[in-house]
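Undergrad: Quick one: structure below, then a few questions.
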Amino acid sequence: MAFFGKISKGLFKTRSTLAKGVTGVMGRGKLTEETLENLEELLIASDICYEVASEIIDKIRKECLGTFLSNEKLFDYLENFSREYLIEAPVISHTAKPHVIFVLGVNGVGKTTSIAKIANYYKNKGEKVLLAAGDTFRAGAIEQLDIWAKRIGVEIVKHQEKSDAAAVIYDAYAAAKARGYDVMIADTAGRLHTKDNLMEELRKMIRVIKKHGDELPHETLLVIDGNTGQNSIPQTIAFNELHPIDGIVVTKLDGTAKGGSLISTNHEIKIPIRWVGVGEGMNDLIPFSKEEYVKGMFGDGEIDIPLEQQEIKEEFKGLQI
């Protein structure tokens, strides 16, 4: 399935909820202040933060207040105005070998599974990938990553449970460098940003990997659960203060109606979305594109308009802008 097909499918719940709401508030008359207030509430319900939702509505107000506006045209405006708040993730070239990726996140967000899917993505591109089982804290974490490594056909460096996580990372990098790996992806223990002991462990892991080079890690990714929406922003800020986050991985986007939170996250913390999870399959964690996201969020022919709304559309066909 093409990327747009995947992102469109992943945003189905958000888009459908938004479309149903729009159908309910647009009505037969001209665009009024009351309609705009209702539209603003719909945007906020999709987890677009108040500031952004208000600014988008202000722009629609200036363009369209007092005119007849079709659903399709409204979604065109939403798509165009929302695009301004998204950051396009820069292309990262793996010039250094191995390219080291640290993956962080709290428990339960799908971090280990995301690591496996990212590893599989690079393996399918022909790159030689090594996993580092740096989560020595959670029971079963090493075994889980080991199972994924075998399933996708990549190597793994692991120590015993409860061993020093920093030592695992150090050994993994030495192995990756000596054996000519292209990419090394390091798992880390899931931790709340409020747990000082685990955050200190993460600081130690970063200090240790930097013994191999000040530029390490080359890339640090934070995994967040799409169902959490804007509530993930405080933890993202906390992790970013500990160590700069280069990109965000949003999992479970297909299971939430809060797809607008990606816009809020980009606007609030200015960290690009790097990957989005749009399904359970191995190939359902995909690189993020803001162009495909806004099309998947707001339509491009993907919105199903009920029959009664289609009749209204025909009635005002000559009046629509």
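The values are calculated or read from the model by the stated rules, or taken from the named source; none is laboratory data. Bear in mind that the values here come from a model prediction, so they are computed numbers and not experimental data. Because the Cβ atoms are built from the backbone with ideal geometry, glycine has one as well, and the counts that use them run over all protein chains shown.
Undergrad: Name the residue that is modelled with the highest pLDDT, counting only residues in segment 264-315 that are within 20 Å of Lys20 (Cβ to Cβ) and not in a helix (DSSP H, G or I).
TA: It comes out as Gly299.
Undergrad: Follow-up. Checking Ile87 against (1) over 20 Å from Val25 (Cα atoms); (2) of a type in the set (Val, Ile, Thr); (3) loosely packed, with under 14 Cβ neighbours inside 10 Å, which single condition isn't satisfied?
TA: Every listed condition holds for Ile87 apart from (3).
Undergrad: Here's something else I'd like to know. Do the conditions hold for Thr23, that is, is it part of a helix (DSSP H, G or I), more than 28 Å from Gly226 (Cβ to Cβ) and either touching a helix residue (DSSP H, G or I) at 6+ places or on another chain (Cβ under 8 Å) or free of Cβ contacts under 8 Å to residues at least 40 places away in the same chain (or both)?
TA: No, not satisfied.
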